Amino acid sequence: MRDPRRVAVLISGRGSNMRALVEQARDYEVVLVASNKPSAEGLAWARARGIPTWGGESKGQPREAFDRQVNAACDDHRVGTIALAGFMRILSPWFVEQWRGRMLNIHPSLLPKYPGLDTHARALSAGDSSGGCSVHIVTEELDAGEVLGRSEMPILTGDTPQSLEERVLAAEHALYPRILNEFVNR
Ligand code: GRF
């Protein structure tokens, strides 16, 4: 049985949620930051902090073949929990099965509203009075697993997708570490 406190964070880009997860770790330790983009900004940050990293280009690779490489990196670091944080690649059913109940994601909407992309623009054009973010368990269905926590905030007059995104992102940085600290203890 893997120690759930040993966490891998999977990113594709800037990795601001990953940084928040590292900086607010209390009951878990980030033992690996992995990316499907070897040039991801977040990897350089993690490396500079002395956190083990793994980067492999996913483009052009069959889905499961790539996922098996990520899985091997997680095995090498005895990872028990995976936190997806801006990981912009659909995972294979095989990988999801390996990590069933042990893989989380942060999504910038109040799930079950607006799975997928362009969440803030969709909330604004629907005339919603609030927006927010959710942390959920990853299943085969995109952004559809059990929701572990949400952070909700009012949508203000004059909000644009960008202004809403900025406020929600700040809320993500507080929500994700809080939920992950709780999750590894449950
Ligand atoms: C965040 O908005 C997150 O909710 C979504 O992708 C974005 C990643 O941003 N899944 P960052 O790489 O964590 O800065």
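Values in this text are rule-based calculations from the coordinates and carry no lab data. Remember, predicted model here, so these are calculated numbers, not experimental data. We place every Cβ from the backbone using ideal geometry, glycine too, and count neighbours over all the protein chains shown.
Only residues that are surrounded by fewer than 22 Cβ atoms within 10 Å (Cβ to Cβ) and either within 24 Å of Asn181 (Cα to Cα) or touching a residue at least 60 places away in the same chain (Cβ under 8 Å) (or both) were counted in region 64-83, giving 7. The residue that is surrounded by the fewest Cβ atoms within 10 Å (Cβ to Cβ), counting only those in region 90-115 that are hydrophobic (A, V, I, L, M, F, W, C) and within 14 Å of the ligand (Cβ to nearest atom), is Ile90. Of all residues in region 95-115, those satisfying the criterion of being in a helix (DSSP H, G or I) and not polar (S, T, N, Q) are Phe95, Val96, Glu97.
Looking only at residues of region 116-152 that are under 20 Å from Met18 (Cβ atoms) and β-branched (Val, Ile, Thr), we find that the one that is farthest from the ligand (Cβ to nearest atom) is Ile137.
Only residues that are surrounded by 17 or more Cβ atoms within 10 Å (Cβ to Cβ) and of a type in the set (A, V, I, L, M, F, W, C): list them for region 138-147, please. Within region 138-147, just Val138 meets the criteria. Here region 16-54 is the region considered, the condition is being within 16 Å of the ligand (Cβ to nearest atom) and hydroxyl-bearing (Ser, Thr, Tyr), and the residue that is farthest from the chain's Cα centre (by Cα) is Ser39. Scan region 149-168 for residues that are in contact (Cβ under 8 Å) with a residue 12 or more places away in the chain, hydrophobic (A, V, I, L, M, F, W, C) and surrounded by fewer than 17 Cβ atoms within 10 Å (Cβ to Cβ) and the total you get is 1. If you go through region 116-137 one residue at a time, do you hit one that is in contact with a His (Cβ under 7 Å, 6 or more places away or on another chain), outside any strand (DSSP E or B), surrounded by 19 or more Cβ atoms within 10 Å (Cβ to Cβ) and touching a residue at least 12 places away in the same chain (Cβ under 8 Å)? No, region 116-137 contains no residue that is in contact with a His (Cβ under 7 Å, 6 or more places away or on another chain), outside any strand (DSSP E or B), surrounded by 19 or more Cβ atoms within 10 Å (Cβ to Cβ) and touching a residue at least 12 places away in the same chain (Cβ under 8 Å). Of note, Val96 does not satisfy the criterion of being under 21 Å from Leu180 (Cα atoms), of a type in the set (A, V, I, L, M, F, W, C) and in contact with a helix residue (DSSP H, G or I) (Cβ under 8 Å, 6 or more places away or on another chain).
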